Amino acid sequence: MLRRSFVLSLPAVALAACASSARRPIGPDGLPLDVAYRIDPSDTAAIQFRMLDSVNALRRNAGVPMVQLDARLNAAAATHSRDMAVQNRPWLFGSDGSSPLERARRVGFPGRLLGENISESFESELQTLAAWMTQEDTRAVILDPRARFMGFAWYQEQGGKLWWTLNMGSDPAESRPIASIL
């Protein structure tokens, strides 16, 4: 009896799969096209904390200390995400020539900026994090054992394209000069 109900349910599953892909536009290769991940402005905090939780889960698995969100690094990330969209290119330098270090200083971040990850995509924050984790250089920024603070923000264009920026910063004590022994 169980086998018969399983066999009878297969066509229903197949129809459901066809119905869900039928709503998505089909590309020239016959496969459904990706649909842009849309962010409602009211979801900002939820997305930032979802990313923080995900980053901390990866850091915990790597045996490095957890990080916390920093409003100043969030502001630097938001500014840079918007600037990349204006420039229409994902790169680490601002339209004014600023570096990630300069942007962290401008917002008053007291620690040392350890790294910045950027992305241009139509994907969610978790898909973007997964992509960053596949690359050695961006994974190193996320898992830097000196990091204690994280900034994360984005800018979404009207057409759906997202410009993501993630900053990792150290404890402010790490950026102070070492006291002289003499």
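The values are calculated or read from the model by the stated rules, or taken from the named source; none is laboratory data. Because the structure is a prediction, the values reported are computed rather than measured. When we count neighbours, we look across all protein chains shown, and the Cβ atoms used for this are built from the backbone with ideal geometry, even at glycine. Calculation scope for accessible area: heavy atoms of the full protein, side chains included, ligands and nucleic acids excluded. Shrake-Rupley method; radii C 1.70, N 1.55, O 1.52, S 1.80 Å.
Scanning region 86-105 for residues that are open to solvent by 10 Å² or more (accessible area, probe 1.4 Å) and not hydrophobic (A, V, I, L, M, F, W, C) yields Gln87, Asn88, Arg89, Pro90, Ser95, Asp96, Gly97, Ser99, Pro100, Glu102, Arg103, Arg105.
When region 17-51 is limited to residues that are over 22 Å from Thr128 (Cβ atoms) and not in a loop (DSSP other than H, G, I, E, B), the one that is modelled with the highest pLDDT turns out to be Ile26.
Of the residues making up region 153-162, those that are farther than 19 Å from Asp70 by Cα and touching a residue at least 12 places away in the same chain (Cβ under 8 Å) are Gln156, Glu157, Gly159, Gly160, Lys161, Leu162. Among residues of region 69-90 that are farther than 17 Å from Gly169 by Cα, those with a beta-carbon under 6 Å from a residue that is of a type in the set (A, V, I, L, M) at least six positions away or on a different chain give the pairs Ser81/Ala153; Pro90/Met84; Pro90/Ile118. Among residues that are in contact (Cβ under 8 Å) with a residue 60 or more places away in the chain and either of a type in the set (Ser, Thr, Tyr) or within 28 Å of Arg60 (Cβ to Cβ) (or both), Ala140 is not included. Taking the listed residues Thr128, Thr44, Thr134, the one that is touching a strand residue (DSSP E or B) at 6+ places or on another chain (Cβ under 8 Å) and polar (S, T, N, Q) is Thr128, with no other qualifying.
If the condition is being surrounded by fewer than 16 Cβ atoms within 10 Å (Cβ to Cβ) and without any contact (Cβ under 8 Å) to a residue 60 or more places away in the chain, then region 43-68 contributes Asp43, Thr44, Ala45, Ala46, Phe49, Asp53, Ala57, Arg60, Asn61, Gly63, Met66.
Being closer than 18 Å to Leu52 by Cβ and loosely packed, with under 15 Cβ neighbours inside 10 Å, is that true of even one residue in region 77-85? Within region 77-85, not a single residue is closer than 18 Å to Leu52 by Cβ and loosely packed, with under 15 Cβ neighbours inside 10 Å. Condition check for Gly108 on (1) small (Gly, Ala, Ser); (2) loosely packed, with under 14 Cβ neighbours inside 10 Å; (3) at pLDDT below 95; (4) within 14 Å of Asn167 (Cβ to Cβ): one failure, at (3).
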